[in-house]
Every structure is written in structure tokens, then in C-alpha cells.
1. Per q in 0.12, 0.16, 0.20 1/Å, what log10 I(q)/I(0) does a Debye calculation on the alpha-carbon atoms of region 162-224 return?
2. Please turn the phi angles of region 222-235 into ³J(HN,Hα) values with the Karplus equation 6.51 cos²θ - 1.76 cosθ + 1.60 (θ = phi - 60°), one per residue in order, whole Hz, x for glycine and proline.
3. Across the chain, how many lysine pairs separated by 8 or more positions, or lying on different chains, have Cα atoms within less than 20 Å?
4. From the phi of every residue in region 64-81, what ³J(HN,Hα) in whole Hz does the Karplus formula 6.51 cos²θ - 1.76 cosθ + 1.60 yield, where θ is phi - 60° and glycine or proline is x?
5. Distance between the C-alpha centers of region 1-57 and region 158-212? Whole Å please.
6. How much length would be gained if the chain were fully extended between Asp205 and Asp3, taking 0.36 nm per residue of separation minus their Cα-Cα distance, in nm to one decimal?
7. For a quick check: with amide H placed at 1.01 Å from N, whose amide H comes under 5 Å from Ala182's, ignoring anything fewer than 5 positions away on the same chain?
8. Which residues does the label zone of Arg60 cover in region 236-252, counting backbone N under 11 Å from a point 7 Å along Cα→Cβ?
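Quick note: the coordinates plus some simple rules give every number you see, no bench work behind them. Since the structure is predicted, the reported quantities are computational estimates derived from the model, not experimental observations. Here the Cβ positions follow ideal geometry from the backbone for every residue, glycine too, while neighbour counts run over all protein chains shown.
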Amino acid sequence: MRDDVKPMFAANWKMHLGPDETETFVDRFGALHSARQDARVVFFPPYLSVGAFLASARTRPDLGVGVQDVHQEVNGAHTGAVSAPMAKQVGVGWALAGHSERRREFGDDDVTVAAKVARILEADLRPVLCVGETLEEREAGALEAVLSRQIEIVLASLAPDSLSLLTYAYEPVWAIGTGRTASPDDAAQAHTVVRREIGRCGGRDDAVILYGGSVKPGNIEELLEAPGVDGVLVGGASLDPESFAAICAGGG
Ligand code: PEP
């Protein structure tokens with residue numbers, strides 16, 4: 001963690017916690033976690049739970065809210081999809097793009113991810129661009145090439161003056177939901193590559209880069225101590241208020 005950067009703790013709920021469970025979560029989490037001036041906390045609930053989150057957290061402006069994905073177009077005949085301007089209208093401030101589950105299950109390729117990031121920025125939301133390699137790619141020695149490609153295609157498609165608005169999440173696919181965490185050294189090494197590629201493509205080399213992949217209360221401190229890790233994106237361990245509150249106390 002860098003001294004001059006506020007750590008960010010982000011919760012990706014995926015397809016968990018409906019509106020009723022969201023209300024219960026926010027009540028409990030709010031009791032456990034006091035606002036921290038020195039950190040940022042952002043939740044990415046499922047679309048249908050966003051309203052419940054915003055209503056339950058109305059007295060907690062310190063808790064940011066985002067959506068887990070947006071469509072690459074602003075409207076049209078795309079059954080089941082939600083656009084960035086719609087997300088903006090309901091009052092969220094953030095959106096993920098390029099999560100590995102979207103890439104794998106829904107076929108989001110780099111060009112689609114680039115279009116999604118563009119729509120997110122046009123809607124005046126803050127994007128978190130997720131990048132990361134599969135186990136096969138890592139074992140084939142393609143870590144740097146994969147990260148470079150995923151970053152370059154997105155950044156090359158954006159206006160140079162918007163590049164400073166991106167937050168990044170390095171999430172090795174082999175560590176997501178598997179209980180297998182990248183070691184702090186692995187994370188630091190990959191974050192160095194991500195930071196270098198962001199700079200090479202015209203982005204800010206002091207951009208905020210989160211680590212994601214089986215983060216839990218037991219490994220948060222060592223991950224935050226890894227050079228270049230500015231925070232975390234948490235899936236499974238963010239579904240339990242106790243465990244996510246413990247993670248959000250990290251680095252404090
Ligand atoms: C994620 O989905 O972004 C993630 C990191 O999941 P988990 O923490 O469960 O590995």
C-alpha cells in the first residue's frame with residue numbers, strides 16, 4: 001500500500017444477496033464499520049438489490065455503490081441488459097467492466113470491455129477495469145502479454161483526458177472463488193506490470209490498482225503490504241458483514 005493513496009475496499013456480490021438480504025446486510029455492516037476518512041468502501045450488489053442498498057445506506061454516504069456490469073450500448077433491443085445511463089439514473093457512482101466471469105460466461109472480449117468502459121465514462125460513472133490471466137496463460141508464461149493486451153485495447157479506445165478516471169483491479173482468474181490467493185509477491189509483480197502498461201498506454205502510472213482473488217480477513221494485511229496494491233476487490237468474503245467489516249479495517 002502506498003502512503004499517499006487511500007486504500008479502496010470493494011465488494012462484488014455477484015448473483016448473491018437479494019433486496020431483503022441486502023437490507024439486513026447493510027444494517028449489520030453499518031453497525032460494525034464506522035466511516036473511515038482514510039479509505040474508500042464501495043459495494044457492487046446485483047442490479048435488483050441496488051435500490052435496497054441505496055435506501056438502507058441513505059445515512060451512510062461513505063459507502064459507495066456500483067453495478068457489476070453495463071451493456072456496451074446505451075439502449076436498444078437487448079433483452080435483460082442494463083445500460084450505464086440507467087445505472088446513473090438510479091444513483092450509483094461506479095461500474096465494473098471486464099470481470100473474468102463476464103469474459104468467460106458472457107463472452108465479453110476486450111473490444112466489448114473497451115466499449116463498456118467508454119459508456120461508463122460517458123454516463124459519468126467511475127469504471128473499475130478488471131484484468132487478469134487464467135492459470136493456463138500464467139503457466140504458458142503469458143502473464144505480461146495478457147495484461148498488456150487487456151489494458152491496451154481499452155485505453156487506446158478512450159479519450160486521453162478520461163484515462164485518469166479509471167480504477168483497475170488485477171484479478172488472477174485462478175484465484176477467484178478458489179480459495180487460492182496470489183502470494184503478496186505474485187500480486188506485487190503483476191501490479192508492477194499493470195502499472196507499467198497503464199503508463200505505456202497513456203494512463204496515470206499512479207492509478208489505483210486493486211487486487212482480487214480469495215481475499216479474506218486472514219490475508220488482507222499481507223496483501224495490503226504488497227508494493228503497488230492499493231486495495232482489494234472481494235467476492236465471497238464480502239457476503240458476510242462480519243468478514244467484510246474485518247477486511248475494511250485492514251491497513252488502518
Ligand atoms: C471477484 O469475483 O472479484 C473475487 C475476487 O472473488 P473471490 O473474492 O470470491 O475470489
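1. Treating every Cα as an identical point scatterer, log10 I(q)/I(0) equals -0.31, -0.53, -0.76.
2. 5, 5, 5, 7, 5, x, x, 8, 9, x, 9, 10, 10, x
3. Numbers: Lys6/Lys216; Lys14/Lys88; Lys14/Lys116; Lys14/Lys216; Lys88/Lys116.
Value for the chain: 5.
4. Computed from phi, the couplings for region 64-81 are x, 9, x, 9, 7, 5, 9, 6, 7, 10, 8, 6, x, 7, 9, 3, x, 9 Hz.
5. 21
6. Working: separation 202, 0.36 × 202 = 72.72 nm, distance 1.54 nm.
Taking Asp205 through Asp3 to full extension adds about 71.2 nm, to one decimal.
7. HN-HN under 5 Å from Ala182: empty list.
8. Residues 241-242, 244-245 fall inside that zone.
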